[in-house]
1. Taking residue 128, is it among the basic types (Lys, Arg), at pLDDT below 95 and either part of a helix (DSSP H, G or I) or in contact with a Ser or Thr (Cβ under 6 Å, 6 or more places away or on another chain) (or both)?
2. Filter the range 370-426 for residues that are at pLDDT 95 or above, more than 21 Å from the chain's Cα centre (by Cα) and of a type in the set (D, E, K, R) and give the result.
3. Can you list the strands (runs of 3 or more DSSP E) lying wholly within the range 344-385 that have 3 or more residues being crowded, with 22+ Cβ neighbours inside 10 Å?
4. Out of the residues in the range 118-152 that are aromatic (Phe, Trp, Tyr) and away from ligand 1 (no atom under 13 Å from the Cβ), state the one that is surrounded by the most Cβ atoms within 10 Å (Cβ to Cβ).
5. Return the pairs, sorted by first residue and then second, in which the second residue is surrounded by fewer than 22 Cβ atoms within 10 Å (Cβ to Cβ) and of a type in the set (Lys, Arg), the first residue lies in the range 304-328 and is over 20 Å from residue 17 (Cα atoms), the beta carbons are less than 9 Å apart, and the residues are 6+ apart or on different chains.
6. Would you confirm, using the coordinates I've provided, whether residue 54 is assigned to a loop (DSSP other than H, G, I, E, B), buried (at least 16 other Cβ atoms within 10 Å of the Cβ) and in contact with a helix residue (DSSP H, G or I) (Cβ under 7 Å, 6 or more places away or on another chain)?
7. Residues in the range 67-78: is at least one under 20 Å from residue 290 (Cα atoms), among the charged types (D, E, K, R) and more than 16 Å from ligand 2 (Cβ to nearest atom)?
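The values are calculated or read from the model by the stated rules, or taken from the named source; none is laboratory data. Owing to the predicted nature of the structure, the values given are computational and were not obtained by experimental measurement. Here the Cβ is made from the backbone with ideal geometry for all residues, glycine too, and neighbour counts use every protein chain on show.
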Amino acid sequence: MTILVIGSGGREHAIIQKLAESPKVNKIYALPGNGGMTDIAECVAIGAKDIPAICEFVKNNPVDFAVVAPDDPLVLGCVDALEEMGIPCFGPRKNAAEIEGSKVFSKNLMKKYGIPTAAYEVFEDYDKAMAYVETAPSPLVVKADGLALGKGVLICQTREEARDALKEIMEDKVFGASGSRVVIEEFLEGPEVSVLSFTDGKVVVPMVSSMDHKRAGDNDTGLNTGGMGTIAPNPYYTAEIAAECMEKIFLPTMNAMNTEGRTFKGCLYFGLMLTKKGPMVIEYNCRFGDPETQVVLPLLESDLFTIMEAVAEERLAEVEVKFAEQNACCVIMASDGYPKKYESGFPITIPEKLKHNAKVYIAGAKRDENNTLLTAGGRVLGVTACGNTLADAIALAYDAAADVQFANAYKRNDIGQRALAAYDEK
Ligand code: AMP
Ligand code: GLY
């Protein structure tokens, strides 16, 4: 089988590495991919959002199956376009990707079908939104409706901050058209859990749970980033909570999408908060999370391609989805300065074989004319190690990461510490 993977980050590298392990897969194209994956995939310089160019590529090259990984092409209808050309795909169609593409859509869906989430109001009118802030209790969370590179959520401790957030999103349009509507919602508290799941619209099969670390600095300080590291499984997510989530959130979401005529097929990501009132949905994503994928897929023992094919053919219930009874930790190495300004273009050295069977997933790197791998992004790469305990996985990931080097490298030193504390709390 020849597989096309759309996307270019560490998540895509993890997906491609796992697909390459499948005996059914003999060639992988990555569009555009990145310089760190050229050993296992043929990278083609076509942007993930350039749907006409992707279709043209498929017309001229034999492709048996496509995996559309990032949110933008999914929301733009990449799967619809490829399916029209007869290419089976892993990933939701445009009308189902809306679950991530519009926060107003997803909040209204949850309200209509009784899926637990923060109380909220939707505003299209700036003055009405400003008036609402004057009466609502703080803290408040202000969210731009559309995709905003993961930055469209502003936690406002005071009314003053909420007014500023509304001005930025609705008046100054810092997230562009994404900000023409906003959701203002209740601030929730509790540990966060990411649950990625496979679904074909008939069953939902959750993957091992995980925990992201979104802030740039140790102890969750500093700016929000795309994610500075992950661990799996998430110790806060007990078997009891998992059963409750299946009953109150996962199945109701799948059924709601079916009822709305928007059957979701692909990876449905549940961003959950475990509040005192029970688990609630903070956000849905219509795709694998990054860097959650970099800890979830290394623990997957079953054949990823077999699962993806079964999702596309709506027979997911027939295949095995098995995870190792182990723990994984991914430490992201970024360019110092990220998520603000940073320098790049520095050579990256990675040992031929990493210690502890660790894996490196390249996110922001390119090859120069001498085939040297150079840094080319904020988040450069992630190093994932597995261990029998979470403490082992963390220690092994950091030890392996110490052998990966580039100038101006920055990483958090506390990935997994909050999760370790959860074990102490039990
Ligand atoms: P998102 O971009 O939707 O992933 O949101 C970013 C982060 O904002 C989440 O991971 C949460 O930590 C936080 N967040 C979003 N909504 C809420 C809420 N209603 N209450 C508290 N924190 C929230
Ligand atoms: N790690 C969060 C996300 O992928 O959106």
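1. Values: among the basic types (Lys, Arg): yes; at pLDDT below 95: yes; either part of a helix (DSSP H, G or I) or in contact with a Ser or Thr (Cβ under 6 Å, 6 or more places away or on another chain) (or both): yes.
In short, yes.
2. 392, 399, 403
3. Numbers: elements: 359-362, 365-367, 373-375.
Ranges flagged: 359-362.
4. As a first pass, look at the range 118-152 and keep what is aromatic (Phe, Trp, Tyr): 120, 123, 126, 132.
In the following step, the residues that additionally are away from ligand 1 (no atom under 13 Å from the Cβ) were identified as 123, 126, 132.
Details: 123: 21, 126: 15, 132: 16.
By that ranking, first place goes to 123.
5. What qualifies is 314/202; 315/202; 316/202; 317/202.
6. Numbers: assigned to a loop (DSSP other than H, G, I, E, B): no; buried (at least 16 other Cβ atoms within 10 Å of the Cβ): yes; in contact with a helix residue (DSSP H, G or I) (Cβ under 7 Å, 6 or more places away or on another chain): yes.
When the stated conditions are applied, residue 54 does not pass them.
7. no
Here is a yes/no grid of residues against (1) touching a strand residue (DSSP E or B) at 6+ places or on another chain (Cβ under 8 Å); (2) more than 16 Å from ligand 2 (Cβ to nearest atom):
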| position | (1), (2) |
| --- | --- |
| 223 | yes, no |
| 232 | yes, no |
| 235 | no, yes |
| 239 | no, yes |
| 243 | no, yes |
| 248 | yes, yes |
| 259 | no, yes |
| 265 | yes, yes |
